[in-house]
Amino acid sequence: MRLSIVLLFLFLTFSAFSQQFYLFVGTYTEGMPSSQGSKGIYVYRFNAATGDATLVSTQMTDNPSYLAIASGGRFVYSVNETHGKLPGGVSAFSFDKTSGKLTLIDRQPSGGDDPCYISVDAGRSWALVANYSGGNLSALPIGSDGSVHSLTELIQHTGTGPNKARQEKAHVHSTILSPDQHYLVVADLGMDQLSIFHFNPSAAKTPLTPATDSIVKIQPGFGPRHTAFCPGKPYVYALSELSGMVDAFHYADGKFTHLQTISSHPTGYTGEIGSADIHVSPDGKFLYASNRGDANNITVFSIDAATGKLTWKGVVSTQGKTPRNFMIDPTGHWLLAANQNGSNVVIFKIDTQTGLLTPSGKQLSIPAPVCLKMTPVN
């Protein structure tokens, strides 16, 4: 009897910790109407059993508008999007999982103005950065102590699109690794294309080389922004900022085969379009896309497991303005939406059967939140 009680206690303790995460929120600290009072990166403890989040610490750094957490959660990397005042930067932080505090290790130039996306490979060898205004992407080696070193590879894009106001030159918007870590998918809003690179983490200086059939063209004027791979299925999805369209592709060993184009806005929508972020649920059944502009919502699609095609399910207001970024927690039960100009992060409950979202009534008040990431507490 005593053994059974001990085992039950251990099980409950493990279950409780398995649903505890650190939530990192990157913000704009200046240059935006809603950025006043920002403390940089906010660290919360998130309880996936209840959807509650408690502030643990903050760490000041310039405009950490996108974050990446290295495997194991002991190091965190941010871009520093300085809007041309200074060269764009990448900052490396150590993270103490006991205290929940970040400590700056170092900072390096990103190789271009306005870095807006950063990925770190599973082996924590490279930081891969998209420089929006620079129209290029860079690879910065990471040291054994988590520090980020000077870039060793810079790939410049040149080209334009038909939208003269937004596509006057190349605008690299995301650098996303494939699930097997063999390829990097680079979305260029200015050139209406996805570029596919072989990724070699053991390379000394140049981990990126163009793949065969390395250019995937998106319809002119669409402005691709972010991509999302479907867990466990050979599908990848691209969201375009200027059109609000989602392109679905079959994916195999770096090759994209187009399947479908579908709008993230309801039929008849005539407001301003400004689509932003896209993610697939951990079970691979649903896809979500955020829309800014006049919409300020998140669209829900179901994914056909046999074909990869999407079916419209519905939309939900993000209860704030400009949902720049959102994330689904690792358990797949919660969606958190960062409203940049609403200065709030709204927490939604996910119906795992239908994929639909219900406001939980829980919000975080944060100036100009723009990026959300999580890592387990233990």
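Once the GluC sites (Glu not before Pro) in DSSP loops with at most 12 neighbouring Cβ atoms within 10 Å are cut out of the chain, the longest remaining piece is 1-167. Close amide H contacts of A211 (hydrogens built in the peptide plane, cut-off under 5 Å, sequence separation of 5 or more or a different chain): I196, F197, H198.
Annotation: average projected area of the chain is 19.2 square nanometres, based on the convex hull of Cα atoms across all directions. Within the accessible area of segment 39-153, the carbon and sulfur atoms contribute 50%, probe 1.4 Å, all protein chains present.
For the options G320, G31, G355, a Gaussian network treatment of the chain with springs between C-alpha atoms closer than 10 Å singles out G31 as fluctuating the most. Counted over all Cα-Cα pairs of segment 42-142, pairs farther apart than 20 Å make up 39 percent. Taking a Cβ cut-off of under 9 Å around L23, the surrounding Lys, Arg, Asp and Glu residues balance to a net charge of +1, with basic ones at +1 and acidic ones at -1.
Taking a straight line from the alpha carbon of K233, these lysines sit under 17 Å away, with near neighbours fewer than eight places off in the same chain left out: K255, K285, K309. Among the trypsin sites (Lys or Arg not before Pro) found in segment 171-239, those both in a DSSP coil and sparsely packed, with 15 or fewer other Cβ atoms within 10 Å of their Cβ, are K205.
Comparing S94, S18, S302 in a Gaussian network model of the chain, where Cα atoms under 10 Å apart are tied by springs, the biggest mean-square fluctuation is seen for S18. State to the nearest 20 debye the size of the charge dipole of segment 205-286 about its Cα centre, where the only charges are +1 on K and R beta carbons and -1 on D and E beta carbons. Here segment 205-286 has a charge dipole of around 200 debye. Annotation: per residue accessible area for the chain equals 40 Å², rounded to a whole number [probe 1.4 Å, protein chains only]. Protein heavy-atom surface of segment 185-332, 1.4 angstrom probe: 52% of the accessible area is carbon and sulfur, with nucleic acids and ligands not counted.
Only aspartates and glutamates eight or more places from K217 in sequence, or on another chain, were considered; those with a Cα closer than 19 Å are E168, D188, D192, E241, D247, D253. Counting every alpha-carbon pair across segment 269-378, the share separated by more than 18 Å comes to 45%. I need the shape label for segment 132-263. Rule: rounded when a/c is under 1.5, else prolate if a/b > b/c, else oblate, with a, b, c from the alpha carbon gyration tensor. Verdict is oblate for segment 132-263. Of all the options A252, A337, A139, the one that moves most in a Gaussian network model of the chain with Cα springs shorter than 10 angstrom is A252.
How much net charge surrounds G88 when only other residues with a Cβ under 9 Å from its Cβ are counted (Lys, Arg +1; Asp, Glu -1)? Around G88, the charge tally is -3.
Express in % the proportion of alpha carbon pairs of segment 227-333 at distances exceeding 16 Å. Percentage above 16 Å: 54.
The values are calculated or read from the model by the stated rules, or taken from the named source; none is laboratory data. As the structure is a computational prediction, the values presented were derived from the model and not from experiment. Please note: Cβ atoms are built from the backbone with ideal geometry, for glycine as well, and neighbour counts cover all protein chains shown. The accessibility values were calculated without ligands, DNA or RNA, using every heavy atom of the protein model including side chains. Shrake-Rupley method; radii C 1.70, N 1.55, O 1.52, S 1.80 Å.
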